[in-house]
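The structure appears right after this line, and notes come after that.
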């Protein structure tokens, strides 16, 4: 019998810094690793330290590597960053429900990414851009603490330059040399190009950003059914057994991390729930 | 239905032990009632319980099941408080789940059977937890109908007692009669139970046996003083997340987690690594956790459930509301342990009523 709690040993292919305190870790997929859906996550395990739930941030079509973009936050993520090429770690996954890209076909796509929240959105972008003709307008709004913290910026700028998507950026604070916007991501929403009746919204970022973005989008006439949020909670077992990641009746690890707003709205909007 | 003497009850234990079963049952130790490996049943023990109060007492009779529930649950044998899930040896992940010893639980109350059925849903449906399944697969269950209720019991409200119903997973059901010089009415609910019944022997119960059981169960129902109104409860609790009564609760709750540790259905666990300093072998261990701890809702350097208010709200809304969506029914079987073992006597039946009232 498959033990859902037993990791598999995987080899590290590369460790590369993205921005300060954020790095991308590529792993060689185990032979029986199934295809992952954009928005799903893996459990990465450093023996002696523990496990961390990390979204897959690479292209779902790339079978040669499993890419994770990780913010160094605690013990496990610090040890992951210190790993070398050809080292081994433990892996379980993929887990959870991904982004419902098929549901967005034929309409506009609006993506909102705050900070490291951009990482789980990137596989959805790869997928959408690979079938660009299936979507009308694609808008990507991103927020970061500072210009130096903007994740994947050259890649995103390239997509914007070639006209594949509309990109808007804002930062919390910046030096005088920054020519872009300073502010919060919700300020960008009214300026983005989308039809509120024909849009599907995918968002990931700090919970406070998600709460305010939901309100702003509703105010513009976007229906709750068109909004999907990727949430973060304390995922330990990743299969709905350990109980830590619950949000009301939902196990974020198994029923999410991507949820249609309707399944979580009252709980998301309640502080400390 | 069969009629057994106390000797035949003992013969059942002996028979199971001869067949390599660990017979797990009630035992008196440290002024309390525990479940552990036994070779005979304790005689003449009862208890006094109320909110925040438990006291073992000696009865003046020969009863084998004259107490209600202690702090211990059967959960500890199927979902152990500590368990090594795997080891990491020379970089390899080694599954170290051991082949379990066959177990027979003797003296399982109806509310406890319902709790086992609930944990079966948690651990054997989606996903299958291989350790739990291995221990559960050959488990023999011998239940006891409750011939008395404690003041903390409210099993009738949750539909789980005081009598074993045929939907509960059990092989045999005993009813203790005439505690001064007890005999037992015994029914088999499975073929395995029927085989045991015939091997132990005993006489056919008289035609009036069914009425005897009914009369005893009616008397127990009469003793049930507590009740939990479950009508529309999930929607009501999840719709009352901002009710001021949560603040009132937070004034009293110590966030000690006793309620979660004695609850027969709570399933939260956490995992931690232990590295042997000599061999550098890592053991990945799982242990019971509680939603009252700070670490339970840890989230990237912070905590979601910072206040005691939010932790109690998580426990109560999960147990009585979210369970229904997650596992098809409430996570409470009316055993009352969380009431007895709460050091400040918080009673979820009372608190739930307060949350029903308009703020």
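Computed from the coordinates by the stated procedures, all read-outs in this text should not be read as laboratory data. Values in this document were obtained by computation on a predicted structure and should not be read as measured data. Quick reminder, even Gly has a Cβ in these numbers, built from the backbone with ideal geometry, and neighbours come from all protein chains shown.
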* Structure fact -> Note on chain A: alpha-carbon gyration tensor, axes a ≥ b ≥ c; rule is a/c under 1.5 for rounded, else prolate if a/b larger than b/c, else oblate; result prolate
* Asked: How much FRET efficiency would the formula 1/(1 + (r/R0)^6) give for residue B:251 and residue B:279, where r is the Cβ-Cβ distance and R0 is 45 Å, rounded to 0.05?
  -> 0.35
* Asked: Using the beta-carbon distance between residue B:242 and residue B:294 and R0 = 25 Å, what value does 1/(1 + (r/R0)^6) give for FRET efficiency, to the nearest 0.05?
  -> 0.65
* **Stokes-Einstein diffusion coefficient of segment B:1-97, Kirkwood radius over Cα pairs, 4 °C, 1.567 mPa s, in µm²/s** => 79
* **For segment B:245-301, the spread of Cα positions along each principal axis, largest first, Å** => 53, 30, 15
* Structure fact -> Note: segment B:198-254, point scatterers on Cα, Debye, no solvent; log10 I/I(0) at q = 0.25, 0.26, 0.28, 0.29 Å⁻¹ equals -1.03, -1.05, -1.08, -1.11
* Could you work out, for segment A:157-198, what percent of all Cα-Cα pairs fall into each 10 Å distance bin, beginning at 0 Å and stopping at the bin that holds the largest distance? => 24, 43, 30, 3
* Asked: So if R0 is 51 Å, what FRET efficiency would residue A:164 and residue B:272 give, r being the distance between their Cβ atoms, rounded to the nearest 0.05?
  -> 0.65
* Asked: With no solvent and one point on each alpha carbon, what is the Debye value of log10 I(q)/I(0) for the protein assembly as shown at q = 0.10, 0.11 Å⁻¹?
  -> -0.95, -1.08
* If you build a Gaussian network model of chain A, linking Cα atoms that sit under 10 Å apart, which residue out of A:122, A:92, A:72 swings the most? -> A:72
* Just B:298, B:312, B:183 to compare: in a GNM of chain B, with alpha carbon springs under 10 Å, which one fluctuates most? -> B:298
* Inter-label distance, nm, simple model (7 Å from Cα along the C-beta direction), residue B:71/residue A:157 -> 6.3
* Structure fact -> Among beta bridges assigned by DSSP with both residues in the protein assembly as shown, the antiparallel ones amount in percent, to the nearest 5, to 70
* Virtual spin-label span in nm between residue A:105 and residue B:10, 7 Å along Cα→Cβ -> 7.5
* Asked: What is the spread of the Cα atoms of segment B:1-54 along each of their three principal axes, largest first, in whole Å?
  -> 40, 26, 17
* **Most mobile listed residue (A:247, A:79, A:111) in chain A, GNM with C-alpha springs under 10 Å** => A:79
* Structure fact -> Note: B:291-304 gets an average of partner chain Cβ contacts (10 Å, Cβ to Cβ) equal to 4
* To do: Please order A:173, B:290 by the number of other Cβ within 10 Å, starting at the fewest.
  => A:173, B:290
* Structure fact -> Taking every alpha carbon pair in segment B:233-356 and sorting the distances into 10 angstrom bins from 0 up to the bin holding the longest one, the percent per bin comes out as 12, 40, 32, 10, 5, 1
* **Per principal axis, descending, Cα span of segment B:2-223 in whole Å** => 65, 43, 32
* Based on the inverse mean of 1/r over its pairs of different Cα atoms, what is the Kirkwood hydrodynamic radius of segment A:161-270, in Å? -> 15.7
* Compute the distance in nm between two label points, each set 7 Å from the Cα along the Cα-to-Cβ direction, one at residue A:87 and one at residue B:350. => 5.5
* Determine which residues of segment A:1-26 fall in the zone a paramagnetic label at residue A:172 would reach in this model, i.e. backbone nitrogen under 15 Å from the point 7 Å along Cα→Cβ. => A:20-22
